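As structure tokens, the structure follows; a few thoughts come after it.
The values are calculated or read from the model by the stated rules, or taken from the named source; none is laboratory data. Given the structure is predicted, the values throughout are model-derived calculations rather than measurements. For neighbour counting, all protein chains shown are included, and Cβ atoms are generated from backbone atoms with ideal geometry for every residue, glycine included. The area values use the complete protein model at the heavy-atom level, side chains included, leaving out ligands, DNA and RNA. Shrake-Rupley method; radii C 1.70, N 1.55, O 1.52, S 1.80 Å.
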Amino acid sequence: MRRRSLGKLAGAAAVAVLAAGCGVAGEGRRRGDVSGVGPVTLVTGRDRAGYLQGLLDSWNAARPGERATLVELPDAADEVRAQLAEGLARGGDRFDVVNLDVVWTAEFAQRGWIAPLEEDGVPTAGLLPAAAGTGRWDGRLHAVPFTTNVGLLYYRSDVLAAEGERPPATWADLERLARTVAPRHGLGGYAGQLLPYEGLTVNVAEAVASAGGTFLDGRGRVAVDGPQARAGLGFLARGVAEGWIPREALGFREEESRQAFQDGRLLFLRSWPYVYPQAEGPASRVAGRFGVVPLPGPGGPGASVLGGSDLAVGSASRYQRSARELIRYLTGVEVQRRVLTEGGLPPVVAELYEDPELVGRYPYLPVLRRALDAAVQRPAVPAYQQLSLAVSAASYDALLGRSTVDAAVSRMAADLTEIVGG
């Protein structure tokens with residue numbers, strides 16, 4: 001019944017989110033029980049790898065009185081956020097542990113939808129420092145990282161070897177190889193996730209950060225209107241205009257871009273670590289013929305955006321003690337090992353990146369760790385969704401050639417100033 005009732009949330013999601021934006025959602029919300037013990041739910045977006053139920057089965061075998069039920073929401077991130085926001089804003093006590101994209105934590109904490117956590121109640125020692133930072137808002141811990149993520153550059157190692165070339169270390173290398181080598185082998189040059197949604201925001205954020213820029217400065221003030229942002233967005237816009245970024249990439253999200261690379265249609269792909277095991281799988285045409293390196297920048301290593309998800313406790317949960325214990329269990333070393341081996345997702349426990357057995361099985365782990373250590377976070381602001389929409393809309397117009405890069409960056413700066421202030 002819990003799964004069915006939560007599945008009905010989508011119809012009212014937009015209304016509740018609008019109400020939340022007006023400051024009225026959540027009034028009269030039931031208070032949860034901080035010390036409550038009992039059955040809990042883990043509410044998350046769709047589990048593509050199908051591994052989460054196995055993790056909960058182990059928990060349930062050990063704690064039958066605190067049985068955990070998996071509730072999967074739709075696959076699209078926007079729909080997941082809408083359903084989580086609707087249920088939490090109206091005080092839904094069936095939202096015990098929620099799996100949040102790292103960019104949602106600030107908003108959900110600021111609105112009081114998730115409960116603050118005591119530092120010693122869910123220890124973060126041993127977790128990757130960058131990932132652990134995503135769970136803090138306004139000086140307090142509100143969530144604990146469950147998985148992490150960072151952008152990487154996938155390349156066709158067989159093609160580069162045949163040409164006597166090395167993987168690109170700079171934008172100039174990437175551009176030259178994508179423009180000259182790729183066509184000789186019937187391949188598209190370079191692609192990322194360039195459809196106007198959060199994926200495009202991430203791709204632009206990485207390009208801007210690689211050029212030394214940022215959307216907001218350390219005090220939360222708009223800082224995008226400068227030469228660094230123009231260089232970053234210009235790199236992508238030039239690629240589309242010159243053809244070494246194929247125009248079909250303007251319709252790519254994660255899965256479309258992965259499939260294009262896995263089908264052998266691209267020389268280079270910017271994507272997340274989940275692509276690696278799938279590209280090595282039996283359905284892949286490039287298995288054993290690709291490699292992965294950190295994203296390049298203008299004069300050397302570039303910047304990757306930190307992704308991943310955080311686990312938080314719904315503020316109206318009746319069983320918050322059990323919810324905190326479930327979070328502790330899911331972020332333990334052995335479960336985090338299963339997150340990698342069964343889920344194919346980057347774990348948040350630092351020691352696993354140096355485990356000889358895992359490195360032998362997943363040779364990209366050292367590259368992934370270096371990229372994680374150098375990753376940049378997206379702005380931790382409650383209005384992140386609006387910020388992302390503004391960035392992706394202005395950027396997409398520049399990629400399509402409907403506006404100049406200068407005009408797009410100026411528009412971006414004006415929109416962000418309206419959203420977050422000067």
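Which count do you get for residues in the stretch 235-255 that are within 21 Å of H185 (Cα to Cα), part of a helix (DSSP H, G or I) and within 23 Å of the chain's Cα centre (by Cα)? Outline the logic, then answer.
Step one: list which residues in the stretch 235-255 are within 21 Å of H185 (Cα to Cα), which gives 239-249.
Filter again for part of a helix (DSSP H, G or I), leaving 239-242, 247-249.
Okay, now just the ones that are also within 23 Å of the chain's Cα centre (by Cα), so 248-249.
Of the residues in that region, 2 qualify.
Which of the residues spanning the stretch 39-61 are at pLDDT 95 or above and either open to solvent by 20 Å² or more (accessible area, probe 1.4 Å) or on the phi > 0 side of the Ramachandran plot (or both)?
P39, Q53, G54, D57, S58, A61
Taking R219, is it within 24 Å of E418 (Cβ to Cβ), buried (at least 22 other Cβ atoms within 10 Å of the Cβ) and basic (K, R)?
Values: within 24 Å of E418 (Cβ to Cβ): yes; buried (at least 22 other Cβ atoms within 10 Å of the Cβ): no; basic (K, R): yes.
No.
Restricting attention to the stretch 85-107, and to residues there that are open to solvent by less than 20 Å² (accessible area, probe 1.4 Å) and charged (D, E, K, R), which single residue is nearest to V305 (Cα to Cα)?
My answer is E107.
Would you check which residues across the stretch 62-82 are in a helix (DSSP H, G or I) and at pLDDT 95 or above and list them? Before the answer, list the steps.
Here is the first cut: in the stretch 62-82, the ones in a helix (DSSP H, G or I) are 62, 64-66, 77-82.
Those that are in a helix (DSSP H, G or I) and at pLDDT 95 or above: A62, P64, G65, E66.
If you take the residues in the stretch 277-315 that are out of contact with any Ser or Thr (no Cβ under 9 Å at 6 or more places or on another chain) and charged (D, E, K, R), which one is most open to solvent (accessible area, probe 1.4 Å)?
Once the filter is applied, the top-ranked residue is R285.
Test each condition in (1) β-branched (V, I, T); (2) under 26 Å from A237 (Cα atoms); (3) open to solvent by less than 50 Å² (accessible area, probe 1.4 Å) for T404 and report the one that comes out false.
(3)
Report, by residue number, each residue of the stretch 390-408 that is under 24 Å from R253 (Cβ atoms) and in contact (Cβ under 8 Å) with a residue 24 or more places away in the chain. Write out each step before concluding.
To start, the set of residues in the stretch 390-408 that are under 24 Å from R253 (Cβ atoms) comprises 390-403, 405, 408.
Hits for the stretch 390-408 are A390, V391, S392, A393, S395, Y396, A398, L399, L400, G401, V405, A408.
Anything in the stretch 265-276 that is open to solvent by less than 20 Å² (accessible area, probe 1.4 Å) and more than 19 Å from V305 (Cα to Cα)? List them, or say none. Don't jump to the end; show me each part of the working.
Going through the stretch 265-276, the residues open to solvent by less than 20 Å² (accessible area, probe 1.4 Å) turn out to be 266-271, 273, 275.
Of everything in the stretch 265-276, those that are open to solvent by less than 20 Å² (accessible area, probe 1.4 Å) and more than 19 Å from V305 (Cα to Cα) turn out to be L266, L267.
Out of all the residues in the stretch 241-261, is one or more basic (K, R), buried (at least 18 other Cβ atoms within 10 Å of the Cβ) and closer than 17 Å to Y396 by Cα? Don't jump to the end; show me each part of the working.
Within the stretch 241-261, the subset basic (K, R) is 247, 253, 258.
Going one step further and asking which of them are buried (at least 18 other Cβ atoms within 10 Å of the Cβ), we end up with 258.
From what's left, closer than 17 Å to Y396 by Cα: none.
Within the stretch 241-261 (the criterion being basic (K, R), buried (at least 18 other Cβ atoms within 10 Å of the Cβ) and closer than 17 Å to Y396 by Cα), the answer is no, since none of the residues qualifies.
On the given criteria, is G332 open to solvent by less than 60 Å² (accessible area, probe 1.4 Å) and out of contact with any helix residue (DSSP H, G or I) (no Cβ under 9 Å at 6 or more places or on another chain)? Please lay out each step first, then the result.
Working: open to solvent by less than 60 Å² (accessible area, probe 1.4 Å): yes; out of contact with any helix residue (DSSP H, G or I) (no Cβ under 9 Å at 6 or more places or on another chain): yes.
Criteria met by G332.
Looking at P277, P227, which one is over 20 Å from the mean Cα position of the chain (by Cα) and over 14 Å from L187 (Cβ atoms)?
On the way: P277 fails: over 20 Å from the mean Cα position of the chain (by Cα).
P227 is the lone residue from the list that is over 20 Å from the mean Cα position of the chain (by Cα) and over 14 Å from L187 (Cβ atoms).
Does the stretch 62-84 contain at least one residue that is under 23 Å from the mean Cα position of the chain (by Cα), open to solvent by less than 60 Å² (accessible area, probe 1.4 Å) and among the acidic types (D, E)?
Our first condition is that a residue be under 23 Å from the mean Cα position of the chain (by Cα); within the stretch 62-84, this holds for 70-84.
Within this subset, residues satisfying the condition of being open to solvent by less than 60 Å² (accessible area, probe 1.4 Å) are 70-71, 73-74, 76-77, 80-84.
This time we only want the ones that are among the acidic types (D, E), so: none.
There is no residue in the stretch 62-84 that is under 23 Å from the mean Cα position of the chain (by Cα), open to solvent by less than 60 Å² (accessible area, probe 1.4 Å) and among the acidic types (D, E).
In the stretch 371-385, which residue that is part of a loop (DSSP other than H, G, I, E, B) and not aliphatic (A, V, I, L, M) is surrounded by the most Cβ atoms within 10 Å (Cβ to Cβ)?
Let us first name the residues in the stretch 371-385 that are part of a loop (DSSP other than H, G, I, E, B), namely 374-375, 377-383.
Next, only the ones that are not aliphatic (A, V, I, L, M) stay: 377-379, 382.
Numbers: Q377: 16, R378: 25, P379: 20, P382: 17.
Residue satisfying both the conditions and the ranking: R378.
With respect to G26, determine if the residue is open to solvent by less than 40 Å² (accessible area, probe 1.4 Å), at pLDDT below 95 and not in a helix (DSSP H, G or I). Outline the logic, then answer.
Details: open to solvent by less than 40 Å² (accessible area, probe 1.4 Å): yes; at pLDDT below 95: yes; not in a helix (DSSP H, G or I): yes.
Criteria met by G26.
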